[in-house]
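In what follows, a structure is listed as structure tokens, so that the remarks can point back to it.
The values are calculated or read from the model by the stated rules, or taken from the named source; none is laboratory data. Predicted model, so just to flag it, every value in this text is computed and none were measured. Here Cβ is always computed from backbone atoms with ideal geometry, including for glycine, and neighbour counts include all displayed protein chains. Just so you know, the surface numbers come from the protein's heavy atoms only, side chains and all, with ligands and any DNA or RNA stripped out. Shrake-Rupley method; radii C 1.70, N 1.55, O 1.52, S 1.80 Å.
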Amino acid sequence: MEIIKSNNIGLHDIIKQAEEKLFAANISNAQKEIEWFLNKKLSISLNQIIINKNHKLSQKDIIQLNKFITQRLKGKPFQYILNLGTFYGYDFFINKHTLIPRPETELIIDIAKKHGPYNKAIDIGTGSGNIAIVLSKENIAKDIDAIDISKQALDVAKYNGSQYNIKNINYFQLDFLMNDIAQKYDLVVSNPPYISNAEYKKLEEHIKFYEPKIALTDGKNGLMFYKFFAKNLNKILKPKGKAIIEIGIENTKIKIDKLFLDNNYHCTWHKDLNGNYRVCEVNQ
């Protein structure tokens, strides 16, 4: 689909045309998305976008921009088009095997940073490696194990680690629910699959059709991982260690509170920017 038809118009008019197409499709953040595309994919600095309004794009750049707009109009998230997600101020390569990093998950880092540093940490369900890598970059943990059931996701995490020249993360393909972990950690972090199967069926198309199902839902009631954590945390968490686990809005505070209390753990709760209980800080 040819949205922008000419490379003879200036950058300002090109952005305006592109925005209008995205706005018409109810994409409210259209301007930022176009600017991010120009910056990340076409290497046009944000300053140049503002100052050099008459800058001309090459025909090759126009083709790439039209492809981006077409994919967005079909509902594909812009992070997957760019293969890029941002988390805690760092850029991460992502693809269809990994979730898009979300601002809510940054709460895990804030909490860990407040109580760190830690000698040994584990990130369960690492995905793109964003949590583990930020734990390293922010000097929150000295030695980190990152595990995931998906080999493809783990390959992405390893790639992201190499891009940041991270040396203190060990990567393991492992089904956390089916395999014992042979050591204990000072810090356990996780953003597990917490969407119930019933809720998964109701998800918006841009999530359900593009993000990996295995990272979104446990295929049951959304509580499988929390039940497992509550019963087995003593096997992987040191006596004075801390677990920081993200929850979904559907999995209410009361349900997860009871799971941990029944196993002699105490939860300190943290709300996200929308005022929803989002992260459970587990202490013995």
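Any idea which residue in segment 213-260 is nearest to Leu135 (Cα to Cα), counting only those that are over 19 Å from the mean Cα position of the chain (by Cα) and assigned to a strand (DSSP E or B)?
It comes out as Lys242.
Which of the following residues is over 16 Å from Glu33 (Cβ atoms), hydrophobic (A, V, I, L, M, F, W, C), touching a strand residue (DSSP E or B) at 6+ places or on another chain (Cβ under 9 Å) and open to solvent by less than 50 Å² (accessible area, probe 1.4 Å): Leu84, Leu107, Leu57?
It is Leu107.
Across segment 261-280, which residue is farthest from the chain's Cα centre (by Cα) among those that are under 27 Å from Leu203 (Cβ atoms) and part of a loop (DSSP other than H, G, I, E, B)?
Gly275
Among the numbered criteria (1) out of contact with any helix residue (DSSP H, G or I) (no Cβ under 9 Å at 6 or more places or on another chain); (2) surrounded by fewer than 19 Cβ atoms within 10 Å (Cβ to Cβ); (3) within 20 Å of Asp110 (Cα to Cα), which single criterion is violated by Asn232?
Checking Asn232 against (1) out of contact with any helix residue (DSSP H, G or I) (no Cβ under 9 Å at 6 or more places or on another chain); (2) surrounded by fewer than 19 Cβ atoms within 10 Å (Cβ to Cβ); (3) within 20 Å of Asp110 (Cα to Cα), the one that fails is (3).
Which residues, taken from segment 160-195, are among the aliphatic types (A, V, I, L, M) and part of a loop (DSSP other than H, G, I, E, B)?
If the condition is that a residue be among the aliphatic types (A, V, I, L, M) and part of a loop (DSSP other than H, G, I, E, B), then Ile166, Leu174, Leu177, Met178, Ile181, Ala182 are the ones that fit.
Could you list, in sequence order, the residues of segment 258-282 that are within 17 Å of Ser190 (Cβ to Cβ) and either of a type in the set (Asp, Glu) or exposed (fewer than 15 other Cβ atoms within 10 Å of the Cβ) (or both)?
Hits for segment 258-282 are Thr268, Trp269, Asp272, Glu281.
Report yes if some residue within segment 244-255 is open to solvent by less than 80 Å² (accessible area, probe 1.4 Å) and more than 20 Å from Glu104 (Cβ to Cβ); otherwise report no.
No, there is no match, as no residue in segment 244-255 is open to solvent by less than 80 Å² (accessible area, probe 1.4 Å) and more than 20 Å from Glu104 (Cβ to Cβ).
Scan segment 248-262 for residues that are in contact with a helix residue (DSSP H, G or I) (Cβ under 6 Å, 6 or more places away or on another chain) and among the β-branched types (Val, Ile, Thr) and report the count.
Residues meeting the conditions: 1.
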